[in-house]
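Everything on this sheet refers to the single structure shown next.
Just so you know, all these numbers are worked out from the coordinates, no wet-lab data involved. Please read these numbers as outputs of a predicted model, since none were measured by experiment. All Cβ positions, glycine included, derive from the backbone under ideal geometry; neighbour counts span all protein chains shown.
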Amino acid sequence: MQLFHSARFVISVAELAGLPDAALPEIAFAGRSNAGKSTAINVLTQQKRLAFASKTPGRTQLLNFFELSERDDQGQTVARGFLVDLPGYGYAKAPESERSQWDTLVGGYVARRQSLVGIVIVMDARRPLLPADEALIAFIDRPTCKLHFLLTKADQLNNSEKRLAIDRARRRAEELGPRASAQLFSALKRQGVEELETTLAGWLRD
């Protein structure tokens, strides 16, 4: 989908005071360190290095904004929204100061950003819905904020394991009501990309 392929880096934010104007809808990507979040963004946007996949879990402590745009009927480029790459969470070895910064920055963004229309929670399909994931889900206490569970690395599961993983995620989504959904995803096999595009495009249109 050309909308997501248009993604371009705009700004990195280290504190809430530096957030850009909330004029367009924003879709955030959140996930445990090493769950495949940056890779999922890169595959969605068809850009190998748009989101930086650090070899050191818990390293990135910034909100990274990527603008999405498309051409209107007059051929003019029009911004339609943003993808926001949130710092990874749940890395036990991160210093207390970094964990506190994550809570302040990401917690404040998720709780108060009115232009945030939905959050993709990226989880390793082999270990979905760990306590840190559930803590984030519980924290997102905003009925208007949609949730999408993206179970990555699905190519590392056999068919039976895939069914168990997605069934569990969908049951959890059902508990949260119509604002939540779930899918399997494989960056390696490029599986689930169209489903993800359709879901997120729908969020931007709502």
Seen from all sides and averaged, what is the projected area of the convex hull of the Cα atoms in the chain, in nm²? 11.3 nm²
With N denoting the number of residues in the stretch 84-200, provide Rg(C-alpha) divided by 2.2 N^0.38 Å, to two decimal places. 1.09
For the stretch 144-206, using Cα atoms only, the Rg and Dmax in Å read 12.2, 36
Return the distance in nm (one decimal) between the two label points of a simple spin-label model at Leu24 and Asp73, each offset 7 Å from Cα along Cα→Cβ. 2.1 nm
Could you rank the peptides 183-196, 4-17 by their average count of other C-beta atoms within 10 Å per residue, with the highest value first? 183-196, 4-17
Here the gain from full extension of Gln114 to Gln46, 0.36 nm per residue of separation minus their alpha-carbon distance, amounts to 21.7 nm
Count of Lys pairs (Cα-Cα under 24 Å; at least 8 positions apart or interchain) in the chain: 17
Starting from the amide H of Phe149, placed 1.01 Å from N in the peptide plane, find each other amide H under 5 Å away whose residue is 5 or more places distant or on another chain. Ile121, Ser181, Ala182, Gln183
Just want the ordering: Lys48, Lys162, Lys153, from fewest to most Cβ atoms lying within 10 Å of their own Cβ. Lys48, Lys162, Lys153
Could you work out the helix-only [θ] at 222 nm for the chain, with each DSSP H run of four or more residues adding -39,500 (n - 2.57) and the total divided by the number of residues, to the nearest 500 deg cm²/dmol? -10500 deg cm²/dmol
GNM on the chain, C-alpha springs below 10 Å: top fluctuator among Ser69, Ser100, Ser115? Ser100
Residue by residue, what Karplus-based ³J(HN,Hα) values in Hz, rounded to whole numbers, does the stretch 66-78 have, using 6.51, -1.76 and 1.60 with θ = phi - 60° and x for Gly and Pro? 10, 7, 10, 9, 8, 8, 8, 5, 8, x, 8, 7, 10
